[in-house]
Amino acid sequence: MAQNIDKKQPLNRNNVSVGDLFPIKVLQFGEGNFLRAFVEYAFQKLNQAVDFNAGIAVVQPIDRGMVSMLNDQDGLYTLFLKGLRKGQVIDQSELITNIVKGIDPYTQYDAYLALARESSLQFIISNTTEAGIAYQADDRADMTPPTSFPAKLTRFLWERFEHFSGDPEKGLTIIPCELINYNADTLQKIILDYCNDWELGDGFKTWINTACTFHNTLVDRIVPGYPKDDIDTYLAELDYHDNLVVTAEAFFLWVIEGGADLKAKLPFDKTELDVKIVEDMQPYRTRKVRILNGAHTTMVPFSLLYGNTTVKETVDNDFTGDFVNKAIFDEIIETLDMDKTELQEFAHEVLDRFRNPFIKHQLADIALNSISKFKVRVLPSLLEYAQRKSALPAHLTFAFACLIRFYKGTWKGATLPVKDGADIVAYFENAWKENDYDKLVENVLGQIAFWDEDLNQVPNLSKAVATALKEIEEHGVEKGFKNFKESL
């Protein structure tokens with residue numbers, strides 16, 4: 001098979017017929033797997049649905065990246081989508097054709113600034129990792145380029161402002177995709193800080209605030225990326241040799257804050273993609289954090305103690321799968337104020353994603369920093385349920401006990417994959433010297449540094465967690481949970 005693959009022609013615009021280049025409407029900071037499986041895919045669908053004719057210029061945001069590989073293939077690559085949708089297997093591929101050029105600003109700074117003078121340019125997209133939207137005080141306007149992404153973008157926008165003499169019609173729609181809350185608001189603030197630092201003037205600041213628009217976002221798609229372990233299998237499906245194959249799950253969600261103007265600019269409603277342009281994205285963020293991330297964090301200690309090793313094993317097992325289902329549908333969803341049907345549909349999609357046979361998601365990989373994750377992702381649902389129902393949620397409370405037991409570090413003679421800060425690991429090592437479950441739980445729940453509050457003040461919580469912990473220790477997870485439920 002490898003010899004046949006080697007004989008295939010390299011992927012480029014000479015060897016495959018993909019039509020003419022589109023005008024550059026999108027400038028994208030980042031060339032990694034996620035953007036290529038998410039943003040390029042989205043704009044390709046928009047091009048296909050409404051002749052949007054959007055070409056993308058990709059900017060490499062760091063000194064070493066993949067732009068040269070992208071240019072070697074004339075911006076072309078194959079996206080494989082693999083997953084489940086309503087129980088049906090999705091296994092399809094598509095050649096992505098909308099990247100016009102890639103620019104490395106570290107070696108092509110003039111070409112980078114020239115993009116600012118493109119009359120057709122309308123949108124800025126970015127995904128420079130969570131650390132990318134950050135202020136660096138030593139960035140200057142005369143650097144070629146400045147170090148940080150916001151500084152690079154400020155210099156780019158200044159070039160556009162100057163070239164078009166502050167024309168308000170040449171402002172840009174800026175849509176960051178970094179996984180931080182209020183990503184666009186944060187980016188805009190940093191740009192305005194650079195405006196002040198670099199003394200770019202009130203006229204430019206006004207243009208930033210009025211001619212340009214900034215839109216907070218939530219993005220959701222699992223992108224394993226380049227399938228190095230199975231690449232020969234993927235390449236065997238192609239008529240060409242592709243060095244930039246990218247794999248992703250079928251699920252796609254893009255929530256963008258905006259109104260009628262943005263909906264008119266980006267008519268994603270004419271596609272089949274789940275792109276929601278809404279006035280407030282926070283309910284969708286809460287939905288994702290509580291249901292998807294919350295279910296992940298809920299299941300990890302509980303399922304590892306039961307004996308599972310992957311997410312798929314967890315949801316496929318009769319006992320652990322039922323536990324996760326009831327935690328989501330009977331407890332977490334009960335704490336959210338969005339439309340219940342919409343929440344349930346999203347939850348079913350999440351479970352399909354968990355069952356994806358093409359992704360082997362190790363529970364141990366999700367276990368990193370489980371204390372802080374539990375605080376953000378699970379504890380709000382537990383506390384909200386207790387407040388609304390005047391009762392404790394059985395599954396989330398038992399999961400809390402499993403979390404504490406997990407941090408003991410060993411189970412049935414085996415080492416557990418506890419991965420957290422040294423101070424937290426040391427705390428639990430010392431805490432587990434206490435043999436009285438009531439006192440142990442009282443100490444853990446009283447750690448305001450962990451939970452931002454004293455959880456002993458929640459009615460009956462410390463007693464319930466101590467009971468659950470005793471049952472886990474004496475009877476294991478399955479029988480322990482049965483006994484615990486009967487005690488509530």
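Nothing in this text is a laboratory measurement; each read-out follows from the coordinates by a stated rule. These numbers were taken from a predicted model, which means no experiment stands behind them. Virtual Cβ from ideal backbone geometry, glycine too; neighbours counted across all protein chains shown.
Could you pull out the pairs from Lys312/Lys373; Lys263/Lys288; Lys340/Lys389; Lys152/Lys263 whose alpha carbons sit more than 25 Å apart here? From the list (Lys312/Lys373; Lys263/Lys288; Lys340/Lys389; Lys152/Lys263), the Cα-Cα distance tops 25 Å for Lys152/Lys263. Its alpha carbons give segment 9-59 an Rg and a Dmax of 11.7, 32 Å. Around the amide H of Leu179, modelled in the peptide plane, lie the amide H atoms of Glu130, all under 5 Å away and 5 or more residues distant in sequence or on another chain.
Each Cα pair under 8 Å and six or more residues apart adds its separation to the average, and for segment 282-487 the resulting relative contact order is 23 percent. Here the Karplus curve 6.51 cos²θ - 1.76 cosθ + 1.60, taken at θ = phi - 60°, turns the phi angles of segment 328-337 into couplings of 6, 7, 8, 10, 5, 4, 5, 9, 9, 9 Hz, with x standing for Gly and Pro.
Of the GluC sites (Glu not before Pro) found in segment 62-141, those that fall in a DSSP loop while having at most 15 other beta-carbon atoms within 10 Å are Glu130. Looking at segment 30-130, the chymotrypsin sites (Phe, Trp or Tyr not before Pro) that sit in a DSSP loop and have at most 16 other Cβ atoms within 10 Å of their own Cβ are Tyr106.
Using only DSSP helix segments of four residues or longer, with each worth -39500 (n - 2.57), what per-residue ellipticity at 222 nm results for the chain after dividing by its residue count and rounding to 500? Walk me through the intermediate numbers first.
Numbers: 22 runs with 221 residues, N = 488.
Helix-only estimate at 222 nm: -13500 deg cm²/dmol.
For segment 16-115, the share of alpha carbon pairs falling in successive 10 Å distance bins from zero is 14, 46, 28, 10, 2, 0 percent. Candidate cross-link partners of Lys8 among the aspartates and glutamates, defined by an alpha-carbon separation under 12 Å and a same-chain spacing of 8 or more, comprise Glu237, Asp239, Asp242. Above 20 Å, the calculated P(r) of segment 79-157 contains 51 percent of its Cα-Cα pairs. Loop-located GluC sites (Glu not before Pro) across segment 222-308 with a Cβ neighbour count of 16 or fewer within 10 Å are Glu237, Glu272, Glu279, with loop assigned by DSSP.
Each label point was placed 7 Å from the Cα along the Cα-to-Cβ direction; for Met69 and Leu273 their separation is 2.3 nm.
For segment 222-233, putting each phi into the Karplus relation 6.51 cos²θ - 1.76 cosθ + 1.60 with θ = phi - 60° gives couplings of 7, 10, x, x, 6, x, 4, 6, 10, 4, 4, 5 Hz, in residue order, rounded to whole numbers and with x for Gly and Pro. Using the Karplus relation 6.51 cos²θ - 1.76 cosθ + 1.60 with θ = phi - 60°, the per-residue 3J(HN,Hα) values for segment 288-303 come to 5, 5, 6, 8, 5, 5, x, 5, 4, 5, 4, 7, 4, x, 4, 6 Hz, with x marking Gly and Pro. For segment 184-288, count the residues as N, evaluate 2.2 N^0.38 Å, and divide the Cα radius of gyration by that value, please. Normalised Cα radius of gyration, segment 184-288: 1.53. Set the Förster radius R0 to 22 Å, insert the Cβ-Cβ distance between Lys360 and Lys86 as r into 1/(1 + (r/R0)^6), and round the FRET efficiency to 0.05. About 0.50, to the nearest 0.05. Using a simple spin-label model with pseudo-atoms 7 Å out from Cα toward Cβ, Gln447 and Thr309 lie 2.8 nm apart. Counting only Cβ charges, +1 for Lys and Arg and -1 for Asp and Glu, the dipole size of segment 282-487 around its Cα centre is about 300 debye.
Taken over the alpha carbons of segment 264-347 as equal point scatterers, the Debye sum produces base-10 log I(q)/I(0) values at 0.16 Å⁻¹ of -0.70. Hydrodynamic analysis of segment 2-278 uses the Kirkwood radius over alpha carbon pairs. Inserted into Stokes-Einstein at 25 °C and 0.890 mPa s, it gives a translational diffusion coefficient of 126 µm²/s. Taken along the Cα-to-beta-carbon direction at a fixed 7 Å, the label points for Gln9 and Ser119 span 3.5 nm.
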